[in-house]
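The values are calculated or read from the model by the stated rules, or taken from the named source; none is laboratory data. A quick note: this is a predicted structure, and the numbers were derived from the prediction, not measured. Cβ sites come from the backbone with ideal geometry, for glycine too, and all protein chains shown count toward neighbours.
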Amino acid sequence: MKKPNLSVAQIINMSVGFLGIQMGFALQNGNASRILQTFGADVHELSWFWIVAPLTGMIVQPIIGHYSDNTWGKLGRRRPYFLVGAILASVGLLFMPNAGMLSAVIPVLWIGAGLLMIMDASFNIAMEPFRALVADKLNSEQRTVGFSIQTVLIGIGAVVGSWMPYALGKWFGVSTEGVGNAVPPNVIWSFVIGAICLMASILYTIATTPEYSPEENAKFSDGSTDQFQDIDSNFFSNIFDSIKTMPKTMRQLGLVQFFTWFGLFGMWVNTTPAIAQHTYGVASGDTSSALFNEAGNWVGIIFGVYNLVATLYAFLIPSVANKFGRKKTHMISLIIGGLGLISMYFFKDPNLLIISMVGVGIAWASILAMPYAILAGSIPLKKMGIYMGIFNLFITIPQIVNAIAGGFIVKGLFNQQPIYMLILAGGSLIVAGLLTLLVDDVDEVVNT
């Protein structure tokens with residue numbers, strides 16, 4: 001039995017929570033390096049502090065996927081995890097820029113790194129069930145639209161989160177300068193607002209989006225009433241069995257994801273120091289000057305640009321994918337994004353970096369939609385959560401590799417010039433794009 005088509009309003013409701021998650025995620029991505037540098041981290045150390053983010057994701061996502069597959073209560077299967085993740089992420093957002101308050105007890109740099117870990121673990125707790133929810137609720141014909149709408153809302157949240165520090169300082173008069181190792185007030189207030197919006201959006205999705213019961217889901221697959229009871233309830237045996245029987249499409253996408261997220265991690269970690277040094281001429285190690293904070297605020301703006309472009313491009317993805325196919329759409333998008341990152345080396349005017357971010361935004365929209373749309377058609381409904389969690393390993397492992405190697409590369413090969421890490425990131429996205437052609441899209445084969 002086929003799942004019923006949902007209205008656009010219903011698809012939007014189920015994804016509103018992702019708007020808040022991405023708002024917090026954008027605040028983290030755009031400001032974590034800046035905050036850690038303010039607390040005393042050197043440029044070549046940034047990737048080592050950032051390693052806590054993918055490490056926690058690698059551990060948390062499969063666990064959440066397994067238990068959400070086996071959960072059914074008053075809030076359903078996925079919604080309990082949204083709520084827990086939102087609460088923990090909001091706490092992290094409130095405390096990370098204020099880590100200096102505890103500096104008398106623990107070195108402030110380590111507090112900041114610990115809160116980065118808490119935030120990323122919490123975002124992962126909330127994000128994985130959201131991916132599974134779209135696959136749970138939508139039939140194969142609506143999945144590309146569903147993930148595209150999710151991408152639109154992700155983009156809106158990310159734009160607001162990325163631009164907020166700049167907007168508070170430029171338009172609302174909130175101070176943009178910190179004293180000593182204190183984070184500027186415009187950044188602190190941005191994180192507070194982000195925490196409030198995160199909780200509100202998650203609660204909205206929980207209130208407006210019912211989930212299919214196990215009995216209803218049984219009708220949408222093989223008609224077996226015990227299909228949710230035959231999942232191995234032991235986490236370790238379930239995950240090892242799932243990895244062993246991983247669909248071919250998922251393995252192929254794993255290689256694409258490796259190079260994609262190796263590049264993205266390099267961009268997030270290194271853009272602020274790269275732009276500060278290469279574009280603004282800030283000396284390495286200078287993290288308290290007005291010029292450094294100006295560069296940091298501008299990075300928030302251009303990150304907002306790529307998220308805005310992603311939001312707009314997400315509207316076009318379903319029609320582009322229908323015309324060219326999902327694989328070619330993803331390939332072209334990734335290559336454009338890679339060229340955008342490489343172009344940052346050649347633009348010495350900060351305003352021209354907007355051009356670079358247009359390319360990154362096109363890639364980002366596709367990254368958030370196409371792999372999941374392709375993946376969902378190749379995995380069984382009853383194991384959607386665990387496979388979505390395992391799929392996250394293909395996102396976290398390349399980030400961990402970059403985090404371990406990145407510091408040595410910046411210091412040993414690139415002479416403390418992080419702009420070259422952005423070129424490396426661009427090349428990685430191009431490789432990922434070419435590898436997309438090797439992926440088998442099961443849904444496209446069935447529907448042709």
Options ILE59, ILE63: the member that is surrounded by fewer than 18 Cβ atoms within 10 Å (Cβ to Cβ), in contact with a Phe, Trp or Tyr (Cβ under 7 Å, 6 or more places away or on another chain) and over 29 Å from GLN417 (Cβ atoms) = ILE63
remark   = Matching residues in the stretch 155-202 (over 30 Å from ILE12 (Cα atoms) and hydroxyl-bearing (Ser, Thr, Tyr)) number 2
message = Being closer than 20 Å to ALA26 by Cα and of a type outside the set (Gly, Ala, Ser): is that true of ILE386 here?
response = no
inquiry  = Please verify whether ASN293 is at pLDDT below 90, crowded, with 21+ Cβ neighbours inside 10 Å and either under 23 Å from the mean Cα position of the chain (by Cα) or assigned to a helix (DSSP H, G or I) (or both), treating the condition exactly as stated.
reply    = yes
key: When residues of the stretch 410-442 are limited to those that are closer than 23 Å to PHE346 by Cα and assigned to a loop (DSSP other than H, G, I, E, B), the one nearest to the chain's Cα centre (by Cα)   = PRO418
message = So for the stretch 68-76 (the condition being surrounded by fewer than 24 Cβ atoms within 10 Å (Cβ to Cβ), at negative phi, among the aromatic types (Phe, Trp, Tyr) and in contact (Cβ under 8 Å) with a residue 60 or more places away in the chain), does at least one residue qualify?
response = yes
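Here is a yes/no grid of residues against (1) modelled with pLDDT of 85 or more; (2) surrounded by 15 or more Cβ atoms within 10 Å (Cβ to Cβ); (3) not in a helix (DSSP H, G or I):
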residue: SER148; (1), (2), (3): no, yes, no
residue: ILE202; (1), (2), (3): yes, yes, no
residue: GLN229; (1), (2), (3): no, no, yes
residue: PHE236; (1), (2), (3): no, no, no
query = Of (1) in contact with a Gly (Cβ under 8 Å, 6 or more places away or on another chain); (2) touching a residue at least 24 places away in the same chain (Cβ under 8 Å), PRO80 satisfies all except one. Which?
reply = (2)
query = Here are some residues: ASN98, ASN31, ASN13, ASN5. Which one is modelled with pLDDT of 75 or more, within 23 Å of the chain's Cα centre (by Cα), surrounded by fewer than 19 Cβ atoms within 10 Å (Cβ to Cβ) and of a type in the set (S, T, N, Q)?
reply = ASN13
request  = Check SER356, SER378, SER366 and return the single one that is part of a loop (DSSP other than H, G, I, E, B) and of a type outside the set (A, V, I, L, M, F, W, C).
outcome  = SER378
